[in-house]
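The values are calculated or read from the model by the stated rules, or taken from the named source; none is laboratory data. Computed from a predicted model, the values in this text were never measured in an experiment. With ideal geometry, Cβ positions are generated from the backbone for all residues, glycine too; neighbour counts draw on all protein chains shown.
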Amino acid sequence: MKFILGTKQYMTQVFDEEGRVHPVTVLDAGPMVVTQIKDDEKDGYSAVQVGYGDRNEKNINKPLKGHLKDLGLFRYLREFRGTGEHKKGDKVDVSAFEKGDVVEVSAVSKGKGFQGTVKRHGFHGGPRSHGQKHSERAPGSIGATGPQRVFKGKKMSGRMGTDRVTVKNLKVLSADKEKNQLIIKGAIPGRRGTLVEVRGK
């Protein structure tokens with residue numbers, strides 16, 4: 001079981017040995033510390049809890065300090081299902097990944113604010129001619145008069161983005177242990193500095 005936490009840095013492009021160019025995303029990944037091992041008997045499921053990033057001591061409450069004693073002060077605590085061969089206090093870094101590994105990446109997408117139906121859901125909008133005046137991007141009818149209500153889940157305007165998005169089958173092009181850097185082919189959700197979860201097979 002391979003996994004790591006990181007922060008998205010930037011996108012760039014790299015050339016392979018045959019001269020082909022690939023769009024890539026650069027991550028600052030790890031190192032992490034295993035803070036807890038959860039098992040089926042005690043917790044009802046098996047998982048590895050890890051800590052990543054630095055945090056000021058004054059911003060951590062006493063229960064969390066007790067939970068993390070002697071392990072460090074972490075900004076993020078996340079869980080990955082399954083245990084593997086990890087033990088509490090182990091360090092996890094990018095050396096677990098190799099060039100060519102296929103991974104799935106999860107992160108929170110960029111927030112777009114309040115958006116209309118054309119941008120948010122891909123509505124086509126109304127006709128631009130035949131007497132239409134101000135309805136190019138209007139949503140149109142939102143229901144019949146019969147039910148006298150709007151059905152739940154109706155696609156309408158609203159806040160867009162800031163959703164947890166998972167992208168699968170991305171390929172690792174480089175894992176640099178000295179720089180704690182992971183280079184993954186393709187785009188990854190989120191802005192620069194977004195926390196990213198990388199899971200290998």
Filter result for Glu197 (in the same structural domain as Glu17 (by TED's automatic domain parsing) and loosely packed, with under 15 Cβ neighbours inside 10 Å) = no
Which residues, taken from the stretch 73-101, are under 21 Å from the mean Cα position of the chain (by Cα), of a type in the set (Asp, Glu) and under 13 Å from Gly30 (Cα atoms)?
-> Asp93
Single unsatisfied condition, Glu17 versus (1) surrounded by 11 or more Cβ atoms within 10 Å (Cβ to Cβ); (2) over 21 Å from the mean Cα position of the chain (by Cα); (3) closer than 17 Å to Glu98 by Cβ | (1)
Has the stretch 147-163 got any residue that is under 30 Å from Gly82 (Cβ atoms) and surrounded by fewer than 15 Cβ atoms within 10 Å (Cβ to Cβ)?
-> yes
Could you tell me which of the residues Val118, Val105 is within 30 Å of Gln181 (Cα to Cα) and of a type in the set (A, V, I, L, M, F, W, C)?
-> Val105
Of the conditions (1) surrounded by 15 or more Cβ atoms within 10 Å (Cβ to Cβ); (2) within 21 Å of the chain's Cα centre (by Cα); (3) at pLDDT 90 or above, the single one that Val118 does not satisfy is (2)
The stretch 142-193, subset at positive phi and touching a residue at least 60 places away in the same chain (Cβ under 8 Å), residue nearest to the chain's Cα centre (by Cα) = Gly190
Those residues of the stretch 149-175 which are among the polar types (S, T, N, Q) and within 18 Å of Val24 (Cβ to Cβ), in sequence order = Asn169, Ser174
State yes or no: is Ala175 small (Gly, Ala, Ser), modelled with pLDDT under 95 and closer than 28 Å to Thr83 by Cβ?
-> yes
Would you mind listing the strands (runs of 3 or more DSSP E) fully within the stretch 63-141 where at least 1 residues are at positive phi?
-> 111-115
Does at least one position in the stretch 23-39 carry a residue that is out of contact with any Phe, Trp or Tyr (no Cβ under 6 Å at 6 or more places or on another chain) and without any contact (Cβ under 8 Å) to a residue 12 or more places away in the chain?
-> no
